[in-house]
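Read the figures in this text as sums done on the coordinates, not as results from a lab. No experiment lies behind these values; they were computed from the predicted model shown. When we count neighbours, we look across all protein chains shown, and the Cβ atoms used for this are built from the backbone with ideal geometry, even at glycine.
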Amino acid sequence: MLHCEVTGGVGTVTIDRPGKRNAMSADMWRELPRILDGLAADASVRVVVLTGAGGNFCAGADIGELGDIHRDDDTHLSTVAERALAAFGKPTIAAIEGVCVGGGCQLAAACDLRFAAADARFGITPARLGIVYPVVATARLVGLVGPASAKYLLYSAELIGAADALRIGFLNEVVADLPARVADFTGTLASRSLLTQCATKDIVDAIVAGGDVGGRAAHWLAEMDASGELREGAAAFLERRAPEFAWTPGAREDVR
């Protein structure tokens, strides 16, 4: 099952099925977009962490339920969940320890950032089962690690360590104390301007997708002018105090 809690502006979604190394059932894939909708609507949430229980991140899709999970590429349950996670408007972080395999890598790749424990292991394993990896997930993987590393992972279905995942660009950081580092970093993000973060995410994603960057930039500049965030940030700097950023995405029309 999936658990969700919100503390100090951080929403934490935990994949909790330790008896199967947090393999995602069909119901769990269906539940994730609903949880994300709730977190998006919660104005107190400034950043979301996706993690796993019991020392593992996620062993992928439950093989016993592949018939329900694997449909055509547009209705593939893991693809629907991946798209919902990638489209989530606020910053997202995958906090990874232990096994991160198959659909686990698909979920981690859909997050904005990926932090891992030094003993984490990564693999994308459809070649062990004769599965064609979803196009959306393949494109996202290529964007992160490049075509050669994507082919290496998909051709071989071999597991790699955290150091190699960092080297090829799948990870942002490998850390000795994962909970402490994630808590520290999410605290930093929660203190920054959510307007800046949401605008950055939207514009960067548009650049990568080759979308309407000009229209998005114009929207966010207008939002910045109307929000008062810049005035607060500048005043806080001059007064040598911590800024009190108040903007939330709930008041704006979604540009995605």
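Numbers for the structure displayed
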read-out: Estimated translational D of the chain in µm²/s (Stokes, Kirkwood radius over Cα pairs; 20 °C; 1.002 mPa s); value: 113
read-out: Peptides 168-177, 88-97 ordered by average Cβ neighbours within 10 Å, highest first; value: 88-97, 168-177
read-out: R0 of 45 Å, Cβ-Cβ distance Leu230-Glu5: FRET efficiency to nearest 0.05; value: 0.90
read-out: Separation of alpha-carbon centers, the range 156-173 and the range 81-114, rounded to whole Å; value: 15
read-out: Length released on extending from Ala209 to Val132, taking residue separation times 0.36 nm less the Cα-Cα span; value: 25.5 nm
read-out: Cα-based helix-to-principal-axis angle, 194-209 vs the chain, degrees rounded to 10; value: 50
read-out: Length released on extending from Asp164 to Ala242, taking residue separation times 0.36 nm less the Cα-Cα span; value: 24.3 nm
read-out: Ser156-Ala217 pseudo-label distance in nm [points 7 Å out on the Cα-to-Cβ vector]; value: 4.0
read-out: Candidate lysines - alpha carbon under 25 Å from Lys201, same-chain residues fewer than 8 apart omitted; value: Lys90
read-out: Point-to-point label distance, Asp27-Ala180, nm (Cα→Cβ direction, 7 Å offset); value: 3.8
read-out: Kirkwood Rh (inverse of mean 1/r, distinct Cα pairs), the range 193-251, angstrom; value: 12.3
read-out: Residue-averaged [θ]222 nm for the chain, counting only DSSP H segments that reach four residues, each worth -39500 (n - 2.57); value: -14500 deg cm²/dmol
read-out: Global geometry of the range 1-143, whether rounded, prolate or oblate, following the gyration tensor of its Cα atoms and the 1.5 cut on a/c; value: prolate
